[in-house]
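Engineer: Below: one structure in structure tokens.
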Protein chains: 2
Amino acid sequence: MTKVFVNIGLSLDGYMAPEGMTMENWERPDYRNWGVKWGALMGWALNLQYFRENLKLGPGGETGPVNDMARHTTDRIGANIMGKRMFEEGEHNWPENAPFHVPVFVLTQEKRQAWPRPGGTTFHFVNESLAQLLARARDVAGDKDVRIAGGGNVILQYLNAGLVDELHIALTPVLLGQGLRLLDGIDSNKISLQIDKTVHSPVVTHLNYTVSKR
Amino acid sequence: MTKVFVNIGLSLDGYMAPEGMTMENWERPDYRNWGVKWGALMGWALNLQYFRENLKLGPGGETGPVNDMARHTTDRIGANIMGKRMFEEGEHNWPENAPFHVPVFVLTQEKRQAWPRPGGTTFHFVNESLAQLLARARDVAGDKDVRIAGGGNVILQYLNAGLVDELHIALTPVLLGQGLRLLDGIDSNKISLQIDKTVHSPVVTHLNYTVSKR
């Protein structure tokens, strides 16, 4: 049965992204040093053999359990859901061949024709309730799973609505001090978490939780 | 060589203790529901065979890698350092046979004679710099290690002074929403963390980090 999951990177102090990493500062990674901080948070992924292959960064890279998990996580995605702001930031930065390779539903009030990209990613722009949009994504995903891709606001809405089955956190031992802190927005009266499994490497700890509606 | 370590329990959203869990509310665990929340945060420990034995809670309890780790962690402690407030809260709550069984140095301006308890715990009341007090604890610990026991303020002072070698976090999948958030106070310009190892069970994930001065 189709599962709905979220996978995010978090610093040890709970931040999804460093302060200053916004569209207006995209060309200025030295602004509040966000580029270096983002690298510290997500460098583990860019070093994986699988991501290097997928993003065409060249041969080599780390193999092993974390790499296998990253490949498995991507393979299971049949459809993505994302917020308008994540899409807008990505629109300028993703290559022609956008890195999803499956349908992506963008939650937005903007009316816009579907936008197919080379490589199998098609962006659909939809103004529906969370549940309606999820039903649509499930249909498209078939035997595969649905990922709530981001940003933080959309992830929180889906979590607090009790519509997410799994939360995967890639916890890196960095301290960002400021930024967007995801877990603060979770309403613990609405959902609870149970440990599913943990996969670790010398640079990152993957914490996989199942999510239950209270 | 003697290592200096900190071991704390954290909720997934980064809290060391629930809001309302203070001395004035000690007899009122229903105040802001702190009793239930504390149980959710630390229940994993009270279920371990080793803690049940040590705290005389009766036979039985969980065995396995987390239990082995808990026993090893206690066995390695040759001396503890704690803040005045943690001591004051504990003074009323620890049994006659206080659960340390080694010397405990309490950082305080109060002048007070050493206070030996049955079972090997002796509290020493000291008004010195962090480094001086640590040197004293190292001397007493001999071949064993020094634990900075708490509370949060003393732990942060030792971490940010670059005087801690290891930070152990017992991460439970609970969300407290409010309370004392330890990691916010760490100055990432002063120290950095590297993953040492991870030990996990179905209810708690132990994240052990080595700490380096920048």
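Engineer: Please sort B:205-211, A:2-8 by packing, taking for each peptide the average over its residues of neighbouring beta carbons within 10 angstrom, highest first.
Structural biologist: Per-residue Cβ counts within 10 Å, averaged per peptide and sorted highest first, yield B:205-211, A:2-8.
Engineer: Using helices alone, what [θ] at 222 nm do you get for the protein assembly as shown, with -39,500 (n - 2.57) per DSSP H run of 4 or more residues, divided over all residues and rounded to the nearest 500?
Structural biologist: Roughly -8000 deg cm²/dmol at 222 nm, from the helical runs in the protein assembly as shown.
Engineer: Now a separate question. Percentage of Cα-Cα pair distances in segment A:83-172 greater than 17 Å, rounded to whole percent? Could you put the intermediate results ahead of the total?
Structural biologist: Numbers: 2034 of 4005 pairs.
Cα-Cα pairs in segment A:83-172 separated by more than 17 Å: 51 percent.
Engineer: Let me ask something else about it. Report the accessible surface area buried between chains A and B, summing both sides, using a 1.4 Å probe on protein heavy atoms only, in Å² rounded to the nearest 100.
Structural biologist: Rounded to the nearest hundred, the buried surface is 2000 Å².
Engineer: With the full set of protein chains in place, find how many percent of the accessible area of the protein assembly as shown is carbon and sulfur; take the probe as 1.4 Å. Mind dumping the intermediate values first?
Structural biologist: On the way: 10340 of 20500 Å².
Carbon with sulfur: 50 percent of the solvent-accessible area.
Engineer: For peptide B:142-152, what's the mean number of Cβ atoms from other chains within 10 Å of each residue's Cβ?
Structural biologist: Counting other chains' Cβ atoms within 10 Å and averaging over B:142-152 gives 0.
Engineer: Net charge near B:Ile77, counting Lys/Arg +1 and Asp/Glu -1 over other residues with Cβ under 14 Å of its Cβ?
Structural biologist: Cβ neighbours under 14 Å give a net charge of +1.
Engineer: Tally Lys/Arg at +1 and Asp/Glu at -1 over every other residue whose Cβ is under 12 Å from the Cβ of B:Asp196; what's the total?
Structural biologist: Neighbourhood net charge equals 0.
Engineer: Could I ask something else about it? How crowded by other chains is A:192-199, given as the mean number of beta carbons from other chains within 10 Å of each beta carbon? Each step should come with its number before you reach the end.
Structural biologist: Details: counts 4, 5, 3, 10, 2, 3, 8, 2.
Other-chain Cβ atoms within 10 Å of each residue's Cβ, averaged: 5.
Engineer: Which whole-number percentage describes the relative contact order of segment A:1-155, with Cα contacts under 8 Å and a sequence gap of 6 or more? Could the numbers behind the result be given before it?
Structural biologist: On the way: 229 pairs, mean separation 42.4, N = 155.
27 percent.
Engineer: Between segment A:120-161 and segment B:52-95, what is the separation of their alpha carbon centroids in Å?
Structural biologist: 46
Engineer: Further question on the same structure: With the cut-off at 1.5 for a/c, could you classify chain B from its C-alpha gyration tensor as rounded, prolate or oblate?
Structural biologist: The shape class here is rounded.
Engineer: With chain A rotated onto chain B, spot the residue of A whose Cβ lies nearest the axis and note the distance in whole Å.
Structural biologist: Of all Cβ atoms in A, the one closest to the rotation axis yields A:Gly14, 3.
Engineer: Tell me whether segment A:24-132 comes out rounded, prolate or oblate; compute the Cα gyration tensor, take square roots of the eigenvalues as a ≥ b ≥ c, and use a/c under 1.5 as the rounded threshold. Walk me through the numbers on the way to the answer.
Structural biologist: Details: a/c = 2.01, a/b = 1.32, b/c = 1.53.
Taking the square roots of the gyration eigenvalues as a ≥ b ≥ c, segment A:24-132 is oblate.
Engineer: So how exposed is B:Glu128, as accessible area in Å² (1.4 Å probe, rounded to 10)?
Structural biologist: That residue has around 60 Å² of solvent-accessible surface.
Engineer: Ranked from highest to lowest mean number of other Cβ atoms within 10 Å per residue, what is the order of the peptides A:36-46, B:53-63, B:150-160?
Structural biologist: The peptides rank, most packed first, as B:150-160, A:36-46, B:53-63.
Engineer: Kindly provide the Kirkwood hydrodynamic radius of the protein assembly as shown in Å, to one decimal, from all pairs of distinct alpha carbon atoms.
Structural biologist: Hydrodynamic radius (Kirkwood, Cα pairs) of the protein assembly as shown is 23.7 Å.
Engineer: Summarise the partner chain shielding of B:202-208 as one whole number: the mean count of Cβ atoms from other chains within 10 Å of each residue's Cβ. Spell out each step's value before the answer.
Structural biologist: On the way: counts 4, 2, 1, 8, 1, 7, 0.
So the per-residue partner count for this stretch is 3.
Engineer: Distances from B:Glu91 to the same position in the other copies: list them in nm, one decimal, shortest first, using label points 7 Å from Cα along Cα→Cβ.
Structural biologist: 6.5
Engineer: Based on DSSP, what percent of beta bridges with both residues in the protein assembly as shown are antiparallel, to the nearest 5?
Structural biologist: Bridges in the protein assembly as shown that DSSP calls antiparallel: roughly 45 percent.
Engineer: Treating the point 7 Å from Cα along Cα-beta-carbon as the label, what are the nm separations from B:Asn33 to the other copies, to one decimal?
Structural biologist: So the label point of B:Asn33 gives 3.9 nm to the other copies.
Engineer: Then there is this: Please report, for B:Glu53, the nm distances (one decimal) from its label point, 7 Å out from Cα along the beta-carbon direction, to the equivalent points in the remaining copies, shortest first.
Structural biologist: Listed shortest first, these distances are 4.8 nm.
The values are calculated or read from the model by the stated rules, or taken from the named source; none is laboratory data. Please read these numbers as outputs of a predicted model, since none were measured by experiment. So basically every Cβ, Gly included, is an ideal-geometry build from the backbone, and we count neighbours across all protein chains shown. In case anyone asks, the SASA skips ligands and DNA or RNA and just uses the protein heavy atoms, side chains included. Shrake-Rupley method; radii C 1.70, N 1.55, O 1.52, S 1.80 Å.
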